[in-house]
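What follows is a short report on a single structure.
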Amino acid sequence: MLPNSLRVRAVHFAFLFGPPRFVGREEASRVHGKVCDALGIDDIAFRYASSTTSEKPNSKGFSIVLERKEGRGSFAATLDNKNVGEPIRLLLTYTWPPSLEHANETFDMTAEAAFSALDGDWQCVLAEARLRAQCDVRGGNALTFMRQRLLRQADDWVSDLGTPVAFCGVKFEVAATPPGENPLDGAKRELAVELLREDPGGLYLELMSQWPQVVSMPSSQAAAADVRSIRQLDKKPSKYVADAFAYLQARVESLASAKGEL
(Lines give C-alpha, C1' and ligand atoms only; values in the text may rest on other atoms or scores of the structure.)
Protein backbone atom coordinates (compact mmCIF):
# COMPACT_ATOMS: atom_id res chain seq x y z
CA MET A 1 0.00 0.00 0.00
CA LEU A 2 0.98 3.63 -0.37
CA PRO A 3 0.08 5.32 2.96
CA ASN A 4 0.72 8.82 1.58
CA SER A 5 -2.12 8.27 -0.90
CA LEU A 6 -4.73 7.73 1.84
CA ARG A 7 -7.52 10.24 1.32
CA VAL A 8 -10.91 10.63 2.95
CA ARG A 9 -13.99 10.46 0.76
CA ALA A 10 -16.63 10.87 3.45
CA VAL A 11 -16.89 11.50 7.18
CA HIS A 12 -19.91 10.60 9.32
CA PHE A 13 -20.25 11.40 12.99
CA ALA A 14 -23.14 10.77 15.37
CA PHE A 15 -24.11 11.38 18.98
CA LEU A 16 -26.97 9.55 20.66
CA PHE A 17 -28.18 11.61 23.60
CA GLY A 18 -31.03 12.13 26.02
CA PRO A 19 -33.23 12.44 27.89
CA PRO A 20 -35.43 11.69 24.86
CA ARG A 21 -38.24 14.10 24.11
CA PHE A 22 -40.15 15.62 21.23
CA VAL A 23 -38.69 18.61 19.37
CA GLY A 24 -41.25 20.85 17.68
CA ARG A 25 -40.99 22.99 14.57
CA GLU A 26 -40.25 26.22 16.46
CA GLU A 27 -37.29 24.66 18.27
CA ALA A 28 -36.18 23.02 15.00
CA SER A 29 -36.17 26.42 13.29
CA ARG A 30 -33.99 27.72 16.09
CA VAL A 31 -31.52 24.90 15.45
CA HIS A 32 -31.38 25.87 11.77
CA GLY A 33 -30.77 29.52 12.57
CA LYS A 34 -28.05 28.77 15.11
CA VAL A 35 -26.21 26.45 12.72
CA CYS A 36 -26.38 28.99 9.88
CA ASP A 37 -24.98 31.69 12.18
CA ALA A 38 -22.21 29.43 13.50
CA LEU A 39 -21.04 28.41 10.02
CA GLY A 40 -21.57 31.86 8.49
CA ILE A 41 -23.73 30.30 5.74
CA ASP A 42 -27.31 31.29 4.90
CA ASP A 43 -28.10 28.81 2.11
CA ILE A 44 -28.48 25.66 4.19
CA ALA A 45 -31.70 23.87 3.22
CA PHE A 46 -34.09 23.06 6.08
CA ARG A 47 -36.66 20.28 6.37
CA TYR A 48 -38.78 19.34 9.37
CA ALA A 49 -41.24 16.48 9.88
CA SER A 50 -43.06 14.87 12.79
CA SER A 51 -44.74 11.51 12.94
CA THR A 52 -46.76 9.17 15.13
CA THR A 53 -46.15 5.43 14.92
CA SER A 54 -49.02 2.96 14.87
CA GLU A 55 -47.31 0.93 17.60
CA LYS A 56 -47.17 3.95 19.92
CA PRO A 57 -49.95 6.35 18.89
CA ASN A 58 -49.20 8.74 21.75
CA SER A 59 -45.47 8.89 21.01
CA LYS A 60 -44.39 11.43 18.43
CA GLY A 61 -41.16 11.26 16.49
CA PHE A 62 -39.44 14.08 14.65
CA SER A 63 -36.82 14.73 12.00
CA ILE A 64 -34.76 17.86 11.32
CA VAL A 65 -32.54 17.83 8.23
CA LEU A 66 -30.11 20.58 7.25
CA GLU A 67 -28.32 20.16 3.90
CA ARG A 68 -25.91 22.03 1.67
CA LYS A 69 -24.32 21.00 -1.62
CA GLU A 70 -20.64 21.81 -2.06
CA GLY A 71 -19.20 20.98 -5.48
CA ARG A 72 -19.31 17.21 -5.94
CA GLY A 73 -19.78 16.77 -2.19
CA SER A 74 -22.25 17.87 0.45
CA PHE A 75 -22.68 18.62 4.14
CA ALA A 76 -25.70 17.55 6.15
CA ALA A 77 -26.84 17.60 9.77
CA THR A 78 -29.77 15.50 10.99
CA LEU A 79 -31.51 15.56 14.37
CA ASP A 80 -34.13 12.87 14.77
CA ASN A 81 -35.71 10.03 16.68
CA LYS A 82 -38.54 7.65 15.87
CA ASN A 83 -40.40 8.29 19.11
CA VAL A 84 -39.82 9.95 22.44
CA GLY A 85 -38.88 6.64 24.04
CA GLU A 86 -35.59 6.49 22.10
CA PRO A 87 -32.42 8.64 22.37
CA ILE A 88 -32.17 11.59 20.04
CA ARG A 89 -29.59 11.25 17.25
CA LEU A 90 -27.39 14.05 15.94
CA LEU A 91 -25.87 12.83 12.67
CA LEU A 92 -23.27 14.91 10.81
CA THR A 93 -22.10 13.89 7.35
CA TYR A 94 -19.61 15.40 4.94
CA THR A 95 -18.98 13.80 1.54
CA TRP A 96 -15.83 14.75 -0.35
CA PRO A 97 -14.77 17.34 2.26
CA PRO A 98 -12.01 19.79 1.20
CA SER A 99 -9.96 18.31 4.05
CA LEU A 100 -10.50 16.28 7.19
CA GLU A 101 -9.60 19.37 9.23
CA HIS A 102 -12.35 21.37 7.52
CA ALA A 103 -14.89 18.62 8.19
CA ASN A 104 -13.85 18.49 11.85
CA GLU A 105 -14.22 22.25 12.28
CA THR A 106 -17.64 22.17 10.62
CA PHE A 107 -18.78 19.29 12.83
CA ASP A 108 -17.62 21.01 16.02
CA MET A 109 -19.38 24.28 15.20
CA THR A 110 -22.56 22.52 14.09
CA ALA A 111 -22.78 20.32 17.18
CA GLU A 112 -22.19 23.24 19.53
CA ALA A 113 -24.82 25.34 17.74
CA ALA A 114 -27.39 22.54 17.71
CA PHE A 115 -27.04 21.76 21.41
CA SER A 116 -27.19 25.45 22.31
CA ALA A 117 -30.48 25.77 20.41
CA LEU A 118 -32.16 22.89 22.24
CA ASP A 119 -33.77 23.55 25.60
CA GLY A 120 -32.55 21.59 28.61
CA ASP A 121 -29.45 19.68 29.63
CA TRP A 122 -28.29 16.69 27.62
CA GLN A 123 -26.18 13.62 28.22
CA CYS A 124 -24.57 11.62 25.42
CA VAL A 125 -24.80 7.85 25.60
CA LEU A 126 -22.92 6.94 22.42
CA ALA A 127 -20.50 8.54 19.95
CA GLU A 128 -19.72 7.09 16.53
CA ALA A 129 -17.31 8.13 13.77
CA ARG A 130 -17.34 6.52 10.34
CA LEU A 131 -14.63 7.19 7.75
CA ARG A 132 -14.76 6.24 4.09
CA ALA A 133 -11.40 6.48 2.38
CA GLN A 134 -9.34 5.21 -0.50
CA CYS A 135 -5.70 4.26 -0.83
CA ASP A 136 -3.47 3.31 -3.77
CA VAL A 137 -1.37 0.14 -3.87
CA ARG A 138 2.15 -0.24 -5.16
CA GLY A 139 2.13 -1.87 -8.57
CA GLY A 140 -1.33 -0.59 -9.45
CA ASN A 141 -3.16 -3.92 -9.03
CA ALA A 142 -5.44 -3.91 -5.99
CA LEU A 143 -6.88 -7.37 -6.70
CA THR A 144 -3.41 -8.94 -6.62
CA PHE A 145 -2.67 -7.05 -3.41
CA MET A 146 -5.82 -8.33 -1.74
CA ARG A 147 -5.21 -11.95 -2.78
CA GLN A 148 -1.50 -12.07 -2.02
CA ARG A 149 -1.48 -9.97 1.15
CA LEU A 150 -4.82 -9.99 2.96
CA LEU A 151 -6.03 -13.35 1.61
CA ARG A 152 -2.70 -15.12 1.24
CA GLN A 153 -3.65 -18.13 3.35
CA ALA A 154 -6.86 -18.64 1.41
CA ASP A 155 -5.50 -18.11 -2.10
CA ASP A 156 -6.06 -21.72 -3.22
CA TRP A 157 -9.61 -21.58 -1.90
CA VAL A 158 -10.19 -18.31 -3.76
CA SER A 159 -8.87 -19.84 -6.99
CA ASP A 160 -11.38 -22.69 -6.67
CA LEU A 161 -14.27 -20.23 -6.67
CA GLY A 162 -13.92 -19.87 -10.42
CA THR A 163 -12.20 -17.51 -12.82
CA PRO A 164 -11.76 -14.71 -13.32
CA VAL A 165 -12.14 -13.38 -9.78
CA ALA A 166 -13.25 -9.77 -10.22
CA PHE A 167 -13.79 -8.47 -6.69
CA CYS A 168 -12.98 -9.29 -3.06
CA GLY A 169 -13.08 -7.69 0.35
CA VAL A 170 -12.48 -8.43 4.02
CA LYS A 171 -13.98 -7.12 7.25
CA PHE A 172 -12.65 -7.13 10.79
CA GLU A 173 -14.48 -6.25 14.02
CA VAL A 174 -12.99 -5.42 17.43
CA ALA A 175 -15.39 -5.36 20.40
CA ALA A 176 -15.64 -2.37 22.75
CA THR A 177 -13.94 -2.56 26.15
CA PRO A 178 -14.07 -0.34 29.28
CA PRO A 179 -12.13 2.88 28.61
CA GLY A 180 -9.70 3.00 31.53
CA GLU A 181 -7.97 6.37 32.05
CA ASN A 182 -8.54 7.63 28.49
CA PRO A 183 -12.23 7.82 27.49
CA LEU A 184 -11.21 7.34 23.83
CA ASP A 185 -9.65 3.95 24.57
CA GLY A 186 -11.61 0.74 24.12
CA ALA A 187 -13.70 1.81 21.13
CA LYS A 188 -15.53 -0.75 19.06
CA ARG A 189 -13.93 -0.93 15.60
CA GLU A 190 -15.24 -2.29 12.33
CA LEU A 191 -12.79 -2.10 9.42
CA ALA A 192 -13.69 -3.17 5.89
CA VAL A 193 -11.15 -3.30 3.04
CA GLU A 194 -12.17 -4.03 -0.53
CA LEU A 195 -11.35 -3.20 -4.11
CA LEU A 196 -12.14 0.31 -5.30
CA ARG A 197 -14.52 -0.50 -8.11
CA GLU A 198 -13.78 2.63 -10.13
CA ASP A 199 -9.99 2.23 -9.90
CA PRO A 200 -8.22 -1.17 -10.28
CA GLY A 201 -5.14 0.26 -8.55
CA GLY A 202 -6.93 1.38 -5.40
CA LEU A 203 -8.54 0.05 -2.25
CA TYR A 204 -11.72 1.25 -0.55
CA LEU A 205 -11.58 1.37 3.24
CA GLU A 206 -14.43 1.95 5.65
CA LEU A 207 -13.86 2.29 9.38
CA MET A 208 -16.57 2.55 12.00
CA SER A 209 -15.42 3.54 15.50
CA GLN A 210 -18.00 3.54 18.27
CA TRP A 211 -17.71 4.71 21.88
CA PRO A 212 -20.60 3.47 24.07
CA GLN A 213 -21.15 5.12 27.43
CA VAL A 214 -21.51 1.69 29.05
CA VAL A 215 -19.82 -1.48 27.84
CA SER A 216 -21.67 -4.75 28.34
CA MET A 217 -19.46 -7.22 30.19
CA PRO A 218 -19.88 -10.74 31.55
CA SER A 219 -21.26 -10.71 35.10
CA SER A 220 -17.97 -11.99 36.50
CA GLN A 221 -16.15 -8.97 35.06
CA ALA A 222 -18.92 -6.48 35.78
CA ALA A 223 -18.69 -7.19 39.52
CA ALA A 224 -15.07 -6.03 39.51
CA ALA A 225 -15.65 -3.00 37.26
CA ASP A 226 -15.01 0.45 38.70
CA VAL A 227 -16.38 3.89 37.85
CA ARG A 228 -14.08 4.12 34.82
CA SER A 229 -16.30 1.56 33.10
CA ILE A 230 -18.73 4.47 32.56
CA ARG A 231 -17.30 6.36 29.61
CA GLN A 232 -17.51 10.14 29.65
CA LEU A 233 -18.72 11.33 26.23
CA ASP A 234 -18.04 15.02 26.60
CA LYS A 235 -15.56 15.67 23.80
CA LYS A 236 -16.13 17.55 20.57
CA PRO A 237 -16.86 15.52 17.42
CA SER A 238 -13.39 16.35 16.05
CA LYS A 239 -11.71 14.42 18.88
CA TYR A 240 -13.55 11.22 18.02
CA VAL A 241 -13.03 11.66 14.27
CA ALA A 242 -9.31 12.37 14.77
CA ASP A 243 -8.96 9.23 16.89
CA ALA A 244 -10.69 7.16 14.21
CA PHE A 245 -8.45 8.56 11.47
CA ALA A 246 -5.30 7.90 13.51
CA TYR A 247 -6.44 4.29 13.95
CA LEU A 248 -7.11 3.92 10.21
CA GLN A 249 -3.81 5.54 9.26
CA ALA A 250 -1.89 3.25 11.63
CA ARG A 251 -3.52 0.16 10.12
CA VAL A 252 -2.60 1.28 6.61
CA GLU A 253 1.00 2.04 7.59
CA SER A 254 1.46 -1.28 9.38
CA LEU A 255 0.11 -3.19 6.38
CA ALA A 256 2.35 -1.25 4.01
CA SER A 257 5.46 -1.97 6.10
CA ALA A 258 4.70 -5.67 6.60
CA LYS A 259 7.14 -8.18 5.15
CA GLY A 260 6.22 -9.12 1.62
CA GLU A 261 4.59 -5.80 0.76
CA LEU A 262 3.93 -5.54 -2.97
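The values are calculated or read from the model by the stated rules, or taken from the named source; none is laboratory data. On a predicted model such as this, the values are computed, not experimentally measured, just so you know. Using ideal geometry, Cβ is built from the backbone for each residue, glycine included, and neighbour counts are taken over all protein chains shown.
Taking segment 187-196 as the range and being small (Gly, Ala, Ser) and free of Cβ contacts under 8 Å to residues at least 40 places away in the same chain as the test, only Ala192 passes. Just one of the numbered conditions (1) in contact (Cβ under 8 Å) with a residue 12 or more places away in the chain; (2) exposed (fewer than 13 other Cβ atoms within 10 Å of the Cβ); (3) outside the structural domain of Val214 (by TED's automatic domain parsing) is not true of Ala175: (3).
Table: residues versus (1) closer than 24 Å to Leu207 by Cα; (2) in contact (Cβ under 8 Å) with a residue 12 or more places away in the chain; (3) hydroxyl-bearing (Ser, Thr, Tyr); (4) touching a Cys at 6+ places or on another chain (Cβ under 7 Å).
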residue	(1), (2), (3), (4)
Ala113	no, yes, no, no
Asp119	no, yes, no, no
Cys124	yes, yes, no, no
Leu131	yes, yes, no, no
Asp136	yes, yes, no, no
Ala142	yes, yes, no, no
Asp156	no, no, no, no
Pro164	no, no, no, no
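When Ala38, Ala45, Ala77 are checked against the criterion of being surrounded by fewer than 17 Cβ atoms within 10 Å (Cβ to Cβ), at pLDDT 95 or above, farther than 19 Å from Asp121 by Cα and hydrophobic (A, V, I, L, M, F, W, C), Ala45 stands alone in meeting it.
Restricting Val158, Val137 to residues that are surrounded by 19 or more Cβ atoms within 10 Å (Cβ to Cβ), closer than 30 Å to Arg197 by Cα and assigned by TED's automatic domain parsing to the domain that holds Glu190 narrows the list to Val137.
The listed residues are Thr106, Thr95, and the only one of them that is at pLDDT 95 or above, surrounded by fewer than 22 Cβ atoms within 10 Å (Cβ to Cβ) and assigned by TED's automatic domain parsing to the domain that holds Asp37 turns out to be Thr95. Just to check your reading of the model, which residue among Val165, Val174 is within 19 Å of Pro212 (Cβ to Cβ), out of contact with any Phe, Trp or Tyr (no Cβ under 8 Å at 6 or more places or on another chain) and of a type outside the set (S, T, N, Q)? Result of the check over Val165, Val174: Val174.
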